[in-house]
Amino acid sequence: MYFDDTNPSLTLINNTPSEDFCGMTPSEIHHLLYDGWTDRSPLRLQSPISNQTLDLIPYFRIIEEFVRIIKREQPVRLTALGFLPGKIIRELYDLRFIPDWYIDVRRAKVLRENDSAVITSAHSMAKASGLVKNIKNKLYLTKKGEQLLHSDARNHLFQEVLMAFTQKWAWGNLDGYAEAFEIQRLWGFSIHLLFQFGHSEKKVSFYSQKFLVAFPLITEQFPQRSYSNPLDDFERCYSIRTFERFFDWWGLIKTEEKKRALDWRNQPVSASPLLQDVFSFE
C-alpha cells in the first residue's frame, strides 16, 4: 500500500490518486494510519468547532455530562463488579442523547450498565480519556477532567474524547466479532468515504464494499463459521462499529428512524451537516 523509498517511480506511485482508495493516494492512506493526529494527516478537525455544533454531537454530550456527574457526586462508589450504580445510569440515559429501542420498549425502571452499550462505553471512555480515575472501586474526577470541563476548553475536551475513542478504546469490546483493528485504525478513510459519497442516501453495505476494495485482506481476520462466512462477518462488523457506534453515535450521518435492532448493512444513510462542521480534508 505504501512504499517508503527514494526511487522516483515509487514516489510517483505513492502520490498518485488511486481508484481503489476512492481518490486518495497511498501516501495519504499511510498518514491516516500512522500520523492521524499530526499535520501530515489529510484529515483535520475544524478549528474552532462551535459550541452549537458540539451541542449536537450525542456521544460527546454523554461523555461531557458523565464527567459533570462524577464531579458533582464524587466519589462515585461502583458496584462490587466495578459497574456504575443504577442512579447514575438512569440519569445519563434519561438525558436521551442516544435512546435505545430495547430499553424503551422494556420500560425498565432499574438499569444496569450492561443494558446500554453507549453507557458501558462512556464509562470506559471517560477513563481512557484521563477524565476520571478509579481508586479502590470509586470514581473521581482527575485534574485533567476538572480543567477540560471549563466552558472555554470544550474544543480541547472534544479532541481528547475523539482521540481516545479512535485510538485508546477498542470498538470490538462491544461485539463478538474478530478483533479486526484495522476497521478502527482506518476510521479516517471511512470519514473520507462519507465525504465522497454521503451527499446522497446509500445503504451502509455500499461503504463496506468500498472499504473492502481498498483493503481486501481484512476478511482474512474473520474465521469461517458454521453459520456465517468471513465476508458477511466483515460487513456486519464494519457496519456496526463504523456506522452505528461511530458515525451514528457522533451524529455524522442521517438515518431513517430505527425502531429496533436491525442489520445495519441495509440501513440507508447520508452525511449529516455535522460532518463538515467537525472535519475537513486538506
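Taking the stretch 187-282 on its own, what percent of its Cα-Cα pair distances exceed 16 Å?
For the stretch 187-282, the fraction of Cα-Cα distances above 16 Å is 53 percent.
Which of these values of Cα Rg over 2.2 N^0.38 Å was calculated from the structure shown: [x] 1.00; [y] 0.96; [z] 1.05?
[z]
Taking the Cα centre of the chain as origin and charging only Cβ (+1 Lys, Arg; -1 Asp, Glu), how large is the dipole, in debye to the nearest 20?
Around 1540 debye, computed over the chain.
At 0.36 nm per residue, minus the direct Cα-Cα distance, what do Arg107 and Asp152 gain on full extension? Give it in nm, one decimal, please.
Here the segment from Arg107 to Asp152 would lengthen by 12.4 nm.
Please list, in chain and number order, the residues 5+ apart from Ile253 or on another chain whose amide H is under 5 Å from its amide H, with Hs placed from the backbone.
Ser272
Could you check the spin-label model distance between Ile13 and Glu91? Points 7 Å from the Cα along Cα→Cβ, value in nm.
So the label points at Ile13 and Glu91 sit 5.8 nm apart.
Rounded to the nearest 0.05, what FRET efficiency do Thr38 and Leu217 have when you use their Cβ-Cβ distance and R0 = 35 Å?
0.85
Report the charge-dipole magnitude of the stretch 159-231 in Debye, nearest 20, computed about the Cα centre from +1 at each Lys and Arg Cβ and -1 at each Asp and Glu Cβ. Spell out each step's value before the answer.
Working: 6 positive and 6 negative charges, 34 e Å.
Rounded to the nearest 20 debye, it is 160 debye.
Report the label-to-label distance for Thr166 and Gln209 in nanometres (one decimal), using points 7 Å from each Cα along the Cα→Cβ vector.
2.7
Taking the chain as a Gaussian network, where each spring joins two C-alpha atoms under 10 Å apart, which residue of His150, His31, His199 fluctuates the most?
Greatest mean-square fluctuation among the candidates belongs to His150.
Which of Gly188, Gly198, Gly176 moves most in a GNM of the chain, Cα contacts under 10 Å?
In the Gaussian network model the winner is Gly176.
Longer than 24 Å from Cα to Cα, which of Lys71/Lys254; Lys87/Lys133; Lys133/Lys168; Lys87/Lys168 are they? Say none if no pair is.
On the way: Lys71/Lys254 33 Å; Lys87/Lys133 19 Å; Lys133/Lys168 15 Å; Lys87/Lys168 27 Å.
Those over the limit are Lys71/Lys254; Lys87/Lys168.
Can you check what the net charge comes to around Leu141, using other residues whose Cβ is under 15 Å from the Cβ of Leu141 (Lys, Arg +1; Asp, Glu -1)?
Working: positive: Arg68, Lys71, Arg72, Arg77, Lys127, Lys133, Lys138, Lys143, Lys144; negative: Glu64, Glu65, Glu73, Glu146, Glu160.
Summing Lys and Arg as +1 and Asp and Glu as -1 gives +4.
If I fit a long axis through the Cα atoms of helix 204-214 and take the longest principal axis of the Cα atoms of the chain, what angle between them do I get, 0 to 90°, rounded to 10?
For helix 204-214, the angle is close to 50 degrees.
Have a look at Phe215, Gly198, Asn229 and report the one farthest towards the positive end of the charge dipole of the stretch 173-281, computed about the Cα centre with Cβ charges (Lys/Arg +1, Asp/Glu -1).
Gly198
What angle do you read, to the nearest 10 degrees and between 0 and 90, between the alpha-carbon axis of helix 117-128 and the longest principal axis of the chain?
90
Once you put a point 7 Å from the Cα of Gln52 and another 7 Å from the Cα of Ser270, both along the Cβ direction, what distance in nm separates them?
Between Gln52 and Ser270, the label points sit 2.1 nm apart.
What do you get for the angle between helix 154-163 and the principal long axis of the chain? Use alpha-carbon atoms, 0 to 90 degrees, nearest ten.
60
Which one, Arg107, Arg185, Arg61, has the greatest fluctuation when you compute a Gaussian network model over the chain with C-alpha springs under 10 angstrom?
So, out of Arg107, Arg185, Arg61, the one fluctuating most is Arg107.
Just so you know, all these numbers are worked out from the coordinates, no wet-lab data involved. For clarity, every value in this text was computed on a predicted model and none was experimentally measured. Glycine also receives a Cβ, built like all others from the backbone with ideal geometry; neighbour counts cover every protein chain displayed.
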